[in-house]
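Reviewing the structure listed below.
What follows is calculated from the coordinates using simple rules that are stated; it is not laboratory data. Predicted model, so just to flag it, every value in this text is computed and none were measured. Counting neighbours? That spans all protein chains shown, and the Cβs are built from the backbone with ideal geometry, glycine included.
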Amino acid sequence: MARIFAYIVHKSGVVDDSAFELAAAARKIDPAAAPTAILTGSGSDLDAACAALGASYPEIWKIANQALAYPNAELVRKALLKVLPSDSIVLVAHEHFGIDLAPGLSIKLNAAFVSDVVDVSGVAGADLKVVRQEFGGQVSTHVVCNISTGAVVTIRPGAFKAVEGPAVNGSVIDKSSEVGTLTAGRRYLETIVAEAGDVDITKHNVLVSIGRGIQEKDNVAIALELADALGAAVSCSRPVVDAKWMEKSRQVGSSGKTVKPKVYLACGISGAFQHLAGIKGSPFLIAINKNPKAPIFQVADVGIVDDILEFLPELTNKVRELRGVAAK
Amino acid sequence: MEILVCVRRVPDTSENEIELNRTGNDIERDELVYSINEADNYAVEEALQIVARTGGTVTVATVGGEDDEEVLRREMAMGANRGVLMSDDAFSGSDGRGIATILKAFVEKGHYDLVLTGVQAEDGGAQVGGMLAALLDYPFASLVTSIEVLEGKKLKISREIAGGNKEMNEIDLPCVLSIQTGINEPRYVGMRGIRQVAGVAIPTFGAKDLGIGVCAVGETAAQVRRVDYFVPILGKGAEILRGTREENVDKVLELVAAKGGLK
């Protein structure tokens with residue numbers, strides 16, 4: 001069985017949660033695997049990140065280089081190519097950095113590539129069998145990947161549960177001297193932090209969250225009226241922001257805000273994992289969607305198969321009625 | 001600037017419920033409505049906006065069959081200067097690397113300053129753009145949310161990273177960028193526009209035209225293949241309320257109140 005490596009994302013000396021999920025995925029590929037962590041970076045942040053992995057990875061390869069202080073995928077790829085043995089299996093988290101790094105890395109390693117893997121079925125001979133999702137999670141598919149010349153596999157964050165394995169006392173191996181000078185055709189300039197919006201959706205107990213099912217900009221008012229009646233806020237999924245119907249600050253998901261409400265009304269939201277990734281703290285999730293096969297119904301507590309454009313106004317009327325009675 | 005945009009025709013998930021076929025080896029495709037992949041449409045719009053500022057042309061290309069010409073025509077109706085189809089029996093069954101290999105051969109026949117793809121297809125792996133860049137040895141950036149053309153054959157771009165933050169980069173041309181949805185507001189394409197390009201010939205390139213060895217692409221070269229489709233079980237599943245709309249409204253209100261949601 002080929003040697004398994006996990007490329008570890010870290011920031012300010014703290015490793016990303018995915019580091020432990022990749023270790024779990026590695027053991028699911030090969031229960032006997034002693035996966036090796038690879039980290040790139042510089043200075044004390046890199047050393048702190050390496051130290052945090054000692055209990056999960058028997059070997060931690062460290063590549064320190066001033067050019068890698070900020071993770072630029074092109075530079076990281078060049079560094080990895082210097083140290084990775086041929087035919088390796090390389091695991092990378094499927095997030096904004098992994099999407100940048102992994103496809104090109106697979107080409108340069110002449111390895112197979114499979115992305116956004118949510119489960120591993122096993123290995124038979126040279127075939128690694130994994131599970132992926134398509135069409136926003138409406139269907140899954142088994143994919144077979146030939147690993148005879150190695151593989152680069154990106155792993156969906158949150159899909160593998162980090163497991164407490166037997167404690168290992170991992171050792172850090174410094175590979176920095178094998179890398180040399182690094183240059184790239186792309187240069188990092190700065191990070192621009194998201195602007196705060198008019199409404200802070202992270203501070204609300206109840207969110208009326210709308211998705212593509214709201215259909216047009218004018219219909220957003222339907223959700224705003226309900227939220228107003230409930231004393232809630234309106235949040236949304238990505239397609240609503242893409243269409244410029246709501247501000248980016250209202251978006252829940254991996255590329256938007258992380259929210260922890262008590263009640264989450266998912267209205268016309270299909271339930272793509274990028275959206276679900278932004279909902280934390282196990283709120284009571286009520287899904288209203290006219291597509292009975294929408295993946296949101298698999299994770300919701302209560303579901304209603306209906307058109308939100310008709311259902312929400314009736315709900316608003318009822319809330320107002322109740323409030324009116326209560327006021328008297 | 002000469003811009004190539006690689007696009008794909010995919011089942012439109014806003015128009016279809018995706019179901020399995022009877023043997024479970026594919027999705028049921030008979031009744032599906034197809035359209036251009038959403039992110040690819042944003043990429044074409046971005047290319048059109050860039051050439052409106054800097055001059056140049058926009059070429060849209062796809063790997064597929066005759067049915068795929070409709071998305072090329074749609075993008076030409078949007079304003080793309082030409083559409084190109086890469087089609088050959090030898091291409092069928094290609095994995096991501098195979099598609100990238102075909103596109104690489106096409107890119108090398110022309111002189112493009114910039115190659116755009118959509119970030120991901122509904123049934124894809126966010127892979128072809130990054131692979132194409134590596135095959136061409138061009139710089140690459142994914143999840144691009146803005147492009148500014150600078151002096152000296154460079155671009156300033158932003159990438160979408162976690163939490164709604166943006167990562168700014170400078171990138172040398174020629175390069176490959178994968179475009180995130182929401183980067184712009186794609187223009188509307190009317191029936192009239194589509195009719196105007198209905199008769200335009202779409203050049204087709206096969207393996208021989210592109211100088212691609214048949215062993216390098218297609219099913220035999222594929223390192224990755226789908227075995228079957230199935231419907232995933234993510235959680236225990238919601239309790240579906242099956243009452244009348246009025247009953248459901250009452251129930252939802254009751255639940256929201258019970259969970260502390262009515263102040």
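When the alpha-carbon atoms of region B:12-145 are used, the pair Rg, Dmax equals 15.6, 52 angstrom.
The angle between the Cα long axis of helix B:38-54 and the main principal axis of chain B comes to about 40°, on a 0 to 90 degree scale. Modelled label positions at A:Leu309 and B:Val200, each set 7 Å beyond Cα in the direction of Cβ, lie 3.2 nm from each other.
For the residues of A:294-304, the average number of beta carbons from a partner chain within 10 Å of their own beta carbon is 6.
Taken over chain B, the alpha-carbon convex hull comes to 199 cubic angstrom per residue. Computed from the C-beta positions of B:Glu246 and A:Glu247, the FRET efficiency with R₀ = 30 Å rounds to 0.35.
I want the antiparallel fraction of DSSP beta bridges within region A:4-178, as a percent rounded to 5. If we restrict to bridges inside region A:4-178, about 35 percent are antiparallel. Averaged over residues, the count of other Cβ atoms within 10 Å places the peptides B:150-160, A:244-254, A:109-119 in the sequence A:109-119, A:244-254, B:150-160, highest first. The distance separating the Cα centre of region B:172-212 from that of region B:66-125 comes to 8 Å.
Take every DSSP beta bridge whose two residues both sit in region B:2-221, then give the antiparallel share in percent to the nearest 5. Around 40 percent antiparallel, to the nearest 5. By how many degrees, between 0 and 90 and to the nearest 10, does the Cα long axis of helix A:308-327 differ from the longest principal axis of chain A? That helix lies at roughly 60 degrees to the long axis. A Förster radius of 45 Å, combined with the Cβ-Cβ distance separating B:Asn21 from B:Met191, puts the computed FRET efficiency at roughly 0.90. For the residue pairs A:Lys108/B:Lys104; A:Lys82/A:Lys108; A:Lys257/A:Lys318; A:Lys217/B:Lys156; A:Lys280/B:Lys259; A:Lys217/B:Lys259, the alpha carbons lie more than 21 Å apart in A:Lys257/A:Lys318; A:Lys217/B:Lys156; A:Lys217/B:Lys259. The slack between A:Ala34 and A:Lys161, meaning 0.36 nm per residue of separation minus the straight C-alpha distance, is 44.0 nm. Here each label is just a point 7 Å from Cα along the line to Cβ, and for B:Glu170 and A:Lys82 those points are 2.3 nm apart. Quick one: grab the alpha carbon gyration tensor of chain A, order the square roots of its eigenvalues as a ≥ b ≥ c, and give me rounded if a/c is under 1.5, else prolate or oblate depending on whether a/b is larger than b/c. Prolate shape, in that a/c is at least 1.5 and a/b is the bigger ratio. Each label was represented as a point 7 Å from its Cα along the Cα-to-Cβ direction; for B:Glu254 and A:Thr183 these points are 7.2 nm apart. Less than 11 Å from a label point 7 Å out along the Cα-to-Cβ axis of B:Ala216: which backbone N atoms in region B:1-29 qualify, by residue? The answer is none, because no backbone nitrogen lies closer than 11 Å to the label point.
Taking one equal scatterer on every alpha-carbon of the protein assembly as shown, how large is log10 of I(q)/I(0) by Debye at q = 0.07, 0.09, 0.11 1/Å? Here log10 of I(q) over I(0) equals -0.43, -0.73, -1.09. Sorting the Cα pairs of region A:4-178 by distance into bins of 10 Å, from 0 upward, gives 10, 41, 37, 11, 1 percent per bin. For region A:201-327, a/c is less than 1.5, where a ≥ b ≥ c are the root eigenvalues of the C-alpha gyration tensor. That puts it in the rounded class. Per-residue shielding of A:88-99, expressed as the average number of other chain Cβ atoms within 10 Å of the residue Cβ, stands at 3. Between B:Asn81 and A:Asp174, the FRET efficiency from the beta-carbon distance, with R0 = 41 Å, is close to 0.20. If one computes the Cα centroid of region B:219-234 and of region A:123-162, what distance in Å separates the two points? Computed from Cα coordinates, the inter-centre distance equals 9 Å.
Beta bridges per DSSP, both residues in the protein assembly as shown: antiparallel share near 40 percent. Expressed as an acute angle from 0 to 90° and rounded to the nearest 10, what is the orientation of the C-alpha long axis of helix B:96-109 relative to the principal long axis of chain B? Roughly 30 degrees between the two axes.
Potential lengthening of the chain between A:Arg323 and A:Ala48 amounts to 93.5 nm, from the contour at 0.36 nm per residue minus the alpha-carbon distance.
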